[in-house]
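The values are calculated or read from the model by the stated rules, or taken from the named source; none is laboratory data. As the structure is a computational prediction, the values presented were derived from the model and not from experiment. Here the Cβ positions follow ideal geometry from the backbone for every residue, glycine too, while neighbour counts run over all protein chains shown.
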């Protein structure tokens, strides 16, 4: 069975993929459909959805187009999710690989270091980091990456520990390959599937983290993100439900889609391990 | 028998109260209101922050009160004379005034409060007292202030919160800050301190021996302490609270609350402070150092929009450096109306190259954040490359104190007279690192310095007016700072609380004349 066929066997994953593609399309089409800045105050404030042409989702507290904000926000959320996950992988994978491959004292040191990060609650640490570095896209990406790499390191370490004594690794060692080559060329490729699955879930978590930070007012004040939209609308939720409802649904759908896709990837990459359906 | 002057005062009081002229006030009842945040103490004169003023302004009094037009009217001083050279002020005190502990209030209390107590403890009173050569009690009910040179705003300095009268017999010769009476403040005001349950409520009760016959009408005022803004709004909605002083609920709650039945809103009662919101523009470096850039910013901002949308239509779009409540405002100046076209022209003329300019919003809550977003968008639309930097209160103070900003939001009190609240923003000798309240923008203009300094001590008012007119013209052209908004700080109250706001400090002394129509 092909990879995609295995993936598609999981109906949920397929739905998730479709939703995700739609959201990606939103992000890409945003500048075409709404070429103007989403910060532009274009109409009366508090227009309800569908009450006026061109404003299908209404306007916010300052007369900004909610639909434009939602589309532009998709770009910000996906970008932050992807970049911060990549950064987290760049930290977690090498650390986990070295710890798992060498073991012993190195493993001890690296794992104690990892645990240091794991013992601090993610969100609290992210808040502190963003507050210290001043809110901006860069500081948010860095903060999210810094709080989300430990699970990656632990996963990769566990994989490396179970793989490092396999025969093909022994063989590589016998023919004189260096440790670096063995880590990069022999073991790492075999750990990719769990990493990919984990990464897809991490993107979802990162989007949630960014939204929570923006909700608390720690978002980059120069970009319109979904979390910002909800945070700004929170105070008027009794007068204007639509301001927090639509970005809320967008976050929900994106995170759900990413989780479904992650599960599908898990099924497709580890056919033997996947649950019976 | 009523004193003729008391009659004159009541007539004056009637002239500037807006509600229920025909109804006769009723005696009795207790009003529940809010103080936010909990004050650190209630000895006015020792502590002058807003929560202390709003509660203790009903316990303590000053020599004078001020109408909403900032005209002085009698409080503890029954009348006063000013000598022709503007250097000698003679106050004739009321004769039937007693402290809450029964001791009579005399001229010695005034001399002690001004010359000893405030000189030691009160920086804002000290700023006025530096113009005073001597303070003397010529008899038991007469006090004479002699000034070194005429000081125009002198008569505006006797408000209860700034120049509080404290009892000499309890404080003289003691360590003021550790005086045992600080926990049980003794004043001359219409209400007496009764009880303070920390974190819950401060209770004031009627002063039966108050010198104004018949006043106060209320039996008491309870100041509740509710730390959460949402809970304060709910307490008002469900009727626990009768009066919401300005600033006790979030702006966005105000339209909802004010649309409720039996709820009245007033913007009056802040004329003395006249909070004026400004945009600091760094005059030292970057594009903001160019006058044309600063003018462009003024034309680019849609301040009418900000007023209508962000401040719910409250407040005023200002004309220039002098707010509309300030004395000597020159209203003939050409307003900086919203005009993006003109802004673009100015930017082109100066050859603005798109250099990035940062905005520092005021970290005081949602309204200010939204406002910074609106201004950011306004500026972008005329082609200014602007980036917002979010910060907390500490960071905001520090960056302004270090002059590390391009544009920054703030608001300042005006205190009625240009020499008290306005000149401090523009005088070059008020440029000093470390404070976010002085001449933060770094504006230096020798002629402006000269005019402000001359006007502060010029006498009489016509002379001052001419000097201030010239200074306003220069400032209007130079735009040292952006003039954003004369903020409207609404007080919300049940409509059956009558005559609540009747002077320029509003609730700070409002319960004196208030009564319940229930």
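Quick one: is residue B:333 more than 14 Å from chain A (Cβ to nearest Cβ), over 30 Å from residue A:45 (Cβ atoms) and either touching a residue at least 12 places away in the same chain (Cβ under 8 Å) or buried (at least 21 other Cβ atoms within 10 Å of the Cβ) (or both)?
Working: more than 14 Å from chain A (Cβ to nearest Cβ): yes; over 30 Å from residue A:45 (Cβ atoms): yes; either touching a residue at least 12 places away in the same chain (Cβ under 8 Å) or buried (at least 21 other Cβ atoms within 10 Å of the Cβ) (or both): yes.
Yes.
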If you go through region A:227-238 one residue at a time, do you hit one that is more than 10 Å from chain B (Cβ to nearest Cβ), closer than 22 Å to residue A:146 by Cα and either in contact with a helix residue (DSSP H, G or I) (Cβ under 7 Å, 6 or more places away or on another chain) or buried (at least 24 other Cβ atoms within 10 Å of the Cβ) (or both)?
yes
Within region B:142-183, the residues that are buried (at least 16 other Cβ atoms within 10 Å of the Cβ) and in a loop (DSSP other than H, G, I, E, B) are B:150, B:151, B:158, B:159, B:160, B:161, B:162, B:163, B:164, B:165, B:166, B:167
Residue B:380 fails exactly one of the following numbered conditions: (1) surrounded by fewer than 20 Cβ atoms within 10 Å (Cβ to Cβ); (2) more than 12 Å from chain A (Cβ to nearest Cβ); (3) part of a helix (DSSP H, G or I). What is the number of that condition?
(2)
Looking only at residues that are away from chain B (no Cβ under 14 Å) and crowded, with 21+ Cβ neighbours inside 10 Å in region A:209-226, which one is farthest from residue A:160 (Cα to Cα)?
A:226
Quick check on region B:481-496. Is at least one of its residues at pLDDT 90 or above, over 18 Å from the mean Cα position of the chain (by Cα) and part of a helix (DSSP H, G or I)?
no
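For residue A:108, state whether it is free of Cβ contacts under 8 Å to residues at least 12 places away in the same chain, part of a helix (DSSP H, G or I) and either within 18 Å of residue A:206 (Cα to Cα) or out of contact with any strand residue (DSSP E or B) (no Cβ under 9 Å at 6 or more places or on another chain) (or both).
Details: free of Cβ contacts under 8 Å to residues at least 12 places away in the same chain: yes; part of a helix (DSSP H, G or I): yes; either within 18 Å of residue A:206 (Cα to Cα) or out of contact with any strand residue (DSSP E or B) (no Cβ under 9 Å at 6 or more places or on another chain) (or both): yes.
Considered against the rule, which asks whether it is free of Cβ contacts under 8 Å to residues at least 12 places away in the same chain, part of a helix (DSSP H, G or I) and either within 18 Å of residue A:206 (Cα to Cα) or out of contact with any strand residue (DSSP E or B) (no Cβ under 9 Å at 6 or more places or on another chain) (or both), residue A:108 comes out as yes.
Sort through A:7, A:46, A:34 and tell me the only one that's out of contact with any strand residue (DSSP E or B) (no Cβ under 6 Å at 6 or more places or on another chain) and either buried (at least 21 other Cβ atoms within 10 Å of the Cβ) or within 14 Å of chain B (Cβ to nearest Cβ) (or both).
Values: A:7 fails: either buried (at least 21 other Cβ atoms within 10 Å of the Cβ) or within 14 Å of chain B (Cβ to nearest Cβ) (or both); A:34 fails: either buried (at least 21 other Cβ atoms within 10 Å of the Cβ) or within 14 Å of chain B (Cβ to nearest Cβ) (or both).
Of the residues listed, the single one that is out of contact with any strand residue (DSSP E or B) (no Cβ under 6 Å at 6 or more places or on another chain) and either buried (at least 21 other Cβ atoms within 10 Å of the Cβ) or within 14 Å of chain B (Cβ to nearest Cβ) (or both) is A:46.
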Please determine whether any residue of region B:392-400 is within 16 Å of residue B:481 (Cα to Cα), in contact with a helix residue (DSSP H, G or I) (Cβ under 7 Å, 6 or more places away or on another chain) and either away from chain A (no Cβ under 13 Å) or assigned to a helix (DSSP H, G or I) (or both).
no
Of (1) without any contact (Cβ under 8 Å) to a residue 12 or more places away in the chain; (2) surrounded by fewer than 15 Cβ atoms within 10 Å (Cβ to Cβ), residue B:133 satisfies every one except (1)
The one condition residue B:453 fails out of (1) within 14 Å of chain A (Cβ to nearest Cβ); (2) not in a loop (DSSP other than H, G, I, E, B) is (1)
Test of understanding: among A:74, A:88, which residue is assigned to a helix (DSSP H, G or I) and at pLDDT 95 or above?
A:88
